[in-house]
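Undergrad: Have a look at the structure that comes next, please.
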Amino acid sequence: MSEFAVVELIRTKRDGGSLSDAEIDWLIRAYTQGVVADEQMSAMAMAILFRGLDDRELSTWTNAMINTGERLDFSGLSRPTADKHSTGGVGDKITLPLAPLVAACGVAVPQLSGRGLGHTGGTLDKLEAIPGWRAELTNEEAYRQLEDVGAVICAAGSGLAPADKKLYALRDVTGTVEAIALIASSIMSKKIAEGTGALVLDVKVGSGAFMKNLDDATELARRMVALGTAAGVNTTALLTRMDTPLGMTAGNGLEVAESVEVLAGGGPADVVELTLALAREMVQAAGVDVDPAARLADGSAMDVWRRMIRAQDGDPDAPLPGAQHVEVVSADRDGVLAELDAMAVGVAAWRLGAGRSRKEDPVQAAAGVRMLAKPGDRVQAGQPLLELHTDTPDSIARAQEALVGGWMIADQAPESTPLVIDRITA
Ligand code: URA
């Protein structure tokens, strides 16, 4: 491995220069091995936040991260593979109905997921609300389940892009998570290493998302689509709204119940719309000509869900845990609910116990927020708007504080905006 003076590399990026391929390869390897110190990599991450990485640098950076770990290979499966990644939003339970739905269309879905940190929930935390369900699978178990059932949602093993694990933890505590190049390389290094044949990205835009404005979200989507395409993964992205939570629930067990409603043919219209939009993208990207709406309607997606949960020792028929305390937030006047802010609801659910502040914290399966009205709904003074669910009643006051200013009742209905804003392809 050639040696570089890391301070020189930091200065180059700080002053707006570009790093060579050899410098980037060395930096990522040396950081992963502990040769480059955390404080040096923090300075580099901050320099990248301000100066960015050009396309060549980003591609080299992403490949260097992939090369720090293993690469999975699903090409021996009897059907094509497609995965979805969401940049994270409040009430975003779409993976739960989506994975079995796409599998029911004949496409295998290797969904290697993480746990939640902060105001957006993690897919594994949601599924762990199901009694008995197990997130940790070996690579062999995941492969077998993909062949037998067609869908697996499990913990991403520590072998995939270990450089990202270390760098993400560092970015989290140094105010550098928001660097678009670092988000793109973080997400795409894991997805490319996972070995999926096709990938659909759900890039969230709005108050409850990482990307608060459309320009940033579009740039993130374009850069991720370019990285995936260059790596031979058929990649597309949808830009979708995250100003208000998805569906009527935010919280682990509450979101599982809502996902099962969708699989049973019901559920909130926005969750159904986004599940179908992403399913169509995945099925098309995998080269399969099946209509996901038909598979949802005929119950075959629900059949795959039940088999998928059972294969990981979960009981799809067991009742989900209920919260010990439920507090209601009511409308303060007659009118139309004009705003229900995703970030406010996400923070409230988190404070009630649905999320964690540190990665070792436990989460409550039953905690969260149930929304009884959504923007555009007519409401009357005193009518319940939100239910706050928790097993720890002393968290309720802080959750209520998070909701102050987070919803608004007006005389007029808000202008309705489409859920899917744009589609980005290579
Ligand atoms: N999710 C990731 O995996 N990485 C990021 O940098 C941001 C969101």
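The values are calculated or read from the model by the stated rules, or taken from the named source; none is laboratory data. Bear in mind the structure is a predicted one, so any value in this text is a computation, not a measurement. Please note: Cβ atoms are built from the backbone with ideal geometry, for glycine as well, and neighbour counts cover all protein chains shown. Quick note on the areas: whole protein, heavy atoms, side chains included, nothing else; ligands and nucleic acids left out. Shrake-Rupley method; radii C 1.70, N 1.55, O 1.52, S 1.80 Å.
Undergrad: Working only within the stretch 204-225, note down all residues that are at pLDDT 95 or above, open to solvent by less than 10 Å² (accessible area, probe 1.4 Å) and either among the basic types (Lys, Arg) or touching a His at 6+ places or on another chain (Cβ under 9 Å) (or both).
TA: Answer for the stretch 204-225, where residues must be at pLDDT 95 or above, open to solvent by less than 10 Å² (accessible area, probe 1.4 Å) and either among the basic types (Lys, Arg) or touching a His at 6+ places or on another chain (Cβ under 9 Å) (or both): 204, 224.
Undergrad: Hey, can you tell me all the residues within the stretch 173-187 that are within 9 Å of the ligand (Cβ to nearest atom), of a type outside the set (Ser, Thr, Tyr) and assigned to a helix (DSSP H, G or I)?
TA: Listed by number, the residues that qualify are 182, 183, 184, 187.
Undergrad: Quick check on my filter: what residues within the stretch 283-307 are in contact with a helix residue (DSSP H, G or I) (Cβ under 7 Å, 6 or more places away or on another chain) and not in a helix (DSSP H, G or I)?
TA: Answer for the stretch 283-307, where residues must be in contact with a helix residue (DSSP H, G or I) (Cβ under 7 Å, 6 or more places away or on another chain) and not in a helix (DSSP H, G or I): just 290.
Undergrad: Going through 155, 135 one at a time, which residue ends up being touching a helix residue (DSSP H, G or I) at 6+ places or on another chain (Cβ under 7 Å) and more than 16 Å from the ligand (Cβ to nearest atom)?
TA: Every option except 135 fails the conditions.
Undergrad: Which of the residues spanning the stretch 350-365 are acidic (Asp, Glu) and exposed (fewer than 11 other Cβ atoms within 10 Å of the Cβ)?
TA: Listed by number, the list holds a single entry, 360.
Undergrad: From the list 146, 127, 72, pick out the single residue that is closer than 24 Å to residue 297 by Cα and touching a helix residue (DSSP H, G or I) at 6+ places or on another chain (Cβ under 8 Å).
TA: 127
Undergrad: Which of (1) more than 18 Å from residue 233 (Cβ to Cβ); (2) away from the ligand (no atom under 16 Å from the Cβ); (3) of a type outside the set (S, T, N, Q) does residue 114 not meet, given it meets every other one?
TA: (2)
Undergrad: Residue 421 passes all but one of (1) under 26 Å from the mean Cα position of the chain (by Cα); (2) within 20 Å of residue 121 (Cβ to Cβ); (3) not in a loop (DSSP other than H, G, I, E, B); which number fails?
TA: (2)
Undergrad: Only residues that are within 16 Å of the ligand (Cβ to nearest atom) and crowded, with 23+ Cβ neighbours inside 10 Å: list them for the stretch 67-87, please.
TA: Within the stretch 67-87, 83, 84, 85, 86, 87 qualify.
Undergrad: While we're looking at this one, here's another question. Those residues that are small (Gly, Ala, Ser), under 15 Å from residue 85 (Cβ atoms) and assigned to a helix (DSSP H, G or I), I need them from the stretch 227-238; list them, please.
TA: Matches in the stretch 227-238: 228 only.
Undergrad: Would you check if residue 9 is touching a residue at least 12 places away in the same chain (Cβ under 8 Å), under 25 Å from residue 174 (Cα atoms) and surrounded by 19 or more Cβ atoms within 10 Å (Cβ to Cβ)?
TA: yes
Undergrad: Output the number of the condition that residue 50 fails; it satisfies all remaining conditions of (1) open to solvent by less than 50 Å² (accessible area, probe 1.4 Å); (2) under 17 Å from residue 177 (Cα atoms).
TA: Residue 50 satisfies every listed condition except (1).
Undergrad: Which one of these does residue 266 not meet: (1) in a loop (DSSP other than H, G, I, E, B); (2) under 21 Å from residue 246 (Cα atoms); (3) outside the structural domain of residue 93 (by TED's automatic domain parsing); (4) not aliphatic (A, V, I, L, M)?
TA: (3)
Undergrad: To continue, here is another question. Can you tell me how many residues within the stretch 168-184 are open to solvent by less than 40 Å² (accessible area, probe 1.4 Å) and under 18 Å from the mean Cα position of the chain (by Cα)?
TA: Result for the stretch 168-184: 8.
Undergrad: Would you pick out the residues in the stretch 188-202 that are assigned to a helix (DSSP H, G or I) and either under 18 Å from residue 219 (Cα atoms) or within 11 Å of the ligand (Cβ to nearest atom) (or both)?
TA: 188, 189, 190, 191
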